[in-house]
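The values are calculated or read from the model by the stated rules, or taken from the named source; none is laboratory data. These figures come from a predicted structure and were not determined experimentally. All Cβ positions, glycine included, derive from the backbone under ideal geometry; neighbour counts span all protein chains shown. We work out accessible area using only protein heavy atoms, side chains counted, and drop any ligands, DNA or RNA first. Shrake-Rupley method; radii C 1.70, N 1.55, O 1.52, S 1.80 Å.
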Amino acid sequence: MRKTKPAQTPDTVIQQSQPGPGTPAENTPHSPICYLTGKEAAVSPLDMALQNHIAKLTGGISPASVSLAWMDWAMHLATAPGKQLDLIGMWQQQAAEWPAFLRNNLAQMTTPATPSANPGAAPAADSAIPDNRFSHPGWAQWPFNAMSKAFLQTQDFWQSATTGIRGVTAHHEDVVQFMARQLLDVTSPSNYGWLNPEIIDATQQSGGKNLLSGWLHWLQDVGCELPDHCNQDDHPVRTFQPGRDVALTAGKVVFRNHLIELIQYSPQTATVCAEPVLIVPSWIMKYYILDLSPHNSMVRFLVEQGHTVFMISWRNPDKNDRDLGMDDYLSSGLFAALNDIHHRFHRPVHAVGYCLGGTLLAIGAAALAGQIARQEIPHPVEIRSITLLAAQTDFSEPGELGLFIDESQLAMLDALMWKQGYLDGKQMSGSFQLLNSRDLIWSKIMRDYMLGLRTQPNDLMSWNADTTRMPYRMHSEYLKHLFLHNDLAKGHYEVNQHAIALRDIQAPMFVVGTAKDHVSPWRSVYKIHVLTDAKIEFVLASGGHNAGIVSEPGHAHRSYQHLPAGHRMLSYHDPEIWLQEAETTSGSWWNYWEQWLTQHSSAAKIKAPHPHDDPALGAAPGKYIFEE
């Protein structure tokens, strides 16, 4: 991590790092500095160039990491005769099911009018792994039920073969299991039109129009311009544009630097809570996920409830920003925003962080608490409360992203970024698609290109496609210090040459995990309880990493879990114990959170402040949101 000296200007509210030796002006775009090791010229440019070409060929996947995982698995399986016997027994049991299965199918074909129990009627139910690819009724008929049964048996076999082998490291087991699943998914009969009864039926009923529509969809997706008469979609793809369809909450840009724009939203009530709210989104996404359409905008919800809201809009970095690091995202991002709000209001702030923005907020709050304790700040900003939304502070269980986190894999990512100076958003989205290839790749191919259908676009899908980049230095630093070494949880993370500890944070916390989160698993988010002595209100929302947070009031089938009123955790509770004691409430957790914010605000309301209109800065949603 870069070491920088704190600024000493007396009127600085939060000390900010000075530009270090890795600024863009002092290094060429192809500098041999390796930020993964933090040492200048520690890596040969020739080595980095070769690894860069390998990374481009493999999509950033390290062949060494994958090979080591398979070798670890194979060598330990070779010395595990008990496991081998178990697998042989499983194979024999699966083979023994086939005679009865074939007899029942033969009987059904010869006497179709006679009702009979068909074991292949619901093949997915026979598998240990839920699989909705075979839910169409056609998969219950011969010969499709035989193909699906064979595939599901093979899937169960390899699930057992790649897990539970004594001596294999947990990371290597996850990698082998993941790779085996990816290879099996390629062979699924549902992927091939001539083997998929759903596609065969659709082709027969439409006279092949589904295949023609699918061909046009593919041409559109690869960028071909088609004549107007060729656009036969019932639901044409429509892009949700910021400022036109999304990010519509009225406001002004009140501060801008090379890294962020700070937006202050216009009040919608005559009086507001005295303490403003600052939202820190993740730097790997455009901020407007929290200001989507008017009906599901968290920003609009807060201002309508009588809160003054500020939002950080991160600039989309390019190759000239390759040397921006985590300290820069603190000083020019979070701290710069807090300083500006402090100069405007001189009041405490409710700070809110989403995803990695929440991690950055926790780091900044701990650093600020340490500076206050060392009496380094003459007029400190007071953080009245902290809200962390699907944000990890302990990365020992990072979820499925952990598949791509080891020394070899990070070295490959480092080489991928070394020449271009950043990690491209499309490269990131490719990794996420690979994690859920069954739904995001193969199901899309079947639906869009074989069935000729298009998913109805929505604001969240449009936002998800609006990718951003990450600077080389920052990406390497946060992967190394957070994901790989877990320095923040261990107390080794440094800001401006000072180790920080989350235990220094005293502000009350409202922490939200989401039940189906594969990016920030809720049990990992829950670990904040062991890292700080602050009073924590933990909420588990239904949904996943994005939909669980964008959970507006009135949204159907939403619920959240929390401890009953009056229940106080006098000691640490295991997450499973917490889950047993929590009560479930139907509806959106936003209302519960807003009540919590109000309870932690001053009792007296103030006249609603309007943002200053500066023509040089412009109105919300600002200009950084449009950078691609």
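Key figures for this structure:
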read-out	value
Top-ranked residue of the stretch 543-580 - restricted to ones that are surrounded by 14 or more Cβ atoms within 10 Å (Cβ to Cβ) and in a helix (DSSP H, G or I), ranked as nearest to the chain's Cα centre (by Cα)	Pro575
Residue match in the stretch 380-392 (condition: out of contact with any His (no Cβ under 8 Å at 6 or more places or on another chain) and open to solvent by 30 Å² or more (accessible area, probe 1.4 Å))	yes
Residue within the stretch 446-454 that is in contact with an Asp or Glu (Cβ under 9 Å, 6 or more places away or on another chain), among the hydroxyl-bearing types (Ser, Thr, Tyr) and part of a loop (DSSP other than H, G, I, E, B) present	no
Selection count where residues are surrounded by fewer than 24 Cβ atoms within 10 Å (Cβ to Cβ) and either free of Cβ contacts under 8 Å to residues at least 12 places away in the same chain or more than 17 Å from Met461 (Cβ to Cβ) (or both), scope the stretch 279-297	3
Qualifying positions in the stretch 151-173 - among the β-branched types (Val, Ile, Thr) and either under 18 Å from Ser65 (Cβ atoms) or in contact with a strand residue (DSSP E or B) (Cβ under 6 Å, 6 or more places away or on another chain) (or both)	Thr162, Val168, Thr169
Search result, residues across the stretch 160-186 that are surrounded by fewer than 18 Cβ atoms within 10 Å (Cβ to Cβ), in a loop (DSSP other than H, G, I, E, B) and of a type in the set (Val, Ile, Thr)	Thr163, Thr169
Positions within the stretch 581-628 being open to solvent by 70 Å² or more (accessible area, probe 1.4 Å), in contact with a strand residue (DSSP E or B) (Cβ under 9 Å, 6 or more places away or on another chain), closer than 18 Å to Arg347 by Cβ and not in a loop (DSSP other than H, G, I, E, B), in sequence order	Lys605, Lys607
Complete set of residues in the stretch 77-97 that are surrounded by 13 or more Cβ atoms within 10 Å (Cβ to Cβ) and either outside any helix (DSSP H, G or I) or under 31 Å from the mean Cα position of the chain (by Cα) (or both)	Ala80, Glu97
Residue, modelled with the lowest pLDDT, within the stretch 33-52, restricted to residues that are over 12 Å from Ser408 (Cα atoms) and open to solvent by less than 50 Å² (accessible area, probe 1.4 Å)	Ile33
Residue within the stretch 187-194 that is modelled with pLDDT of 90 or more, open to solvent by 30 Å² or more (accessible area, probe 1.4 Å) and assigned to a helix (DSSP H, G or I) present	yes
Hits in the stretch 134-159 (condition: more than 28 Å from the chain's Cα centre (by Cα), among the polar types (S, T, N, Q) and open to solvent by less than 50 Å² (accessible area, probe 1.4 Å))	Asn145, Ser148, Gln153
Wholly enclosed helices (runs of 4 or more DSSP H) of the stretch 297-415 bearing at least 3 residues touching a helix residue (DSSP H, G or I) at 6+ places or on another chain (Cβ under 9 Å)	298-304, 356-373
Test for Asp448: is it farther than 30 Å from Asn320 by Cβ, in contact with a His (Cβ under 7 Å, 6 or more places away or on another chain) and either at pLDDT 80 or above or surrounded by fewer than 15 Cβ atoms within 10 Å (Cβ to Cβ) (or both)	yes
The one condition in (1) open to solvent by 30 Å² or more (accessible area, probe 1.4 Å); (2) outside any helix (DSSP H, G or I); (3) over 24 Å from Lys426 (Cβ atoms) that Val253 fails to fulfil	(1)
Flag for Gly306 being in contact with a Leu (Cβ under 8 Å, 6 or more places away or on another chain) and of a type outside the set (D, E, K, R)	no
Top-ranked residue in the stretch 53-76 [being at pLDDT 85 or above and not hydrophobic (A, V, I, L, M, F, W, C); ranked as most open to solvent (accessible area, probe 1.4 Å)]	His53
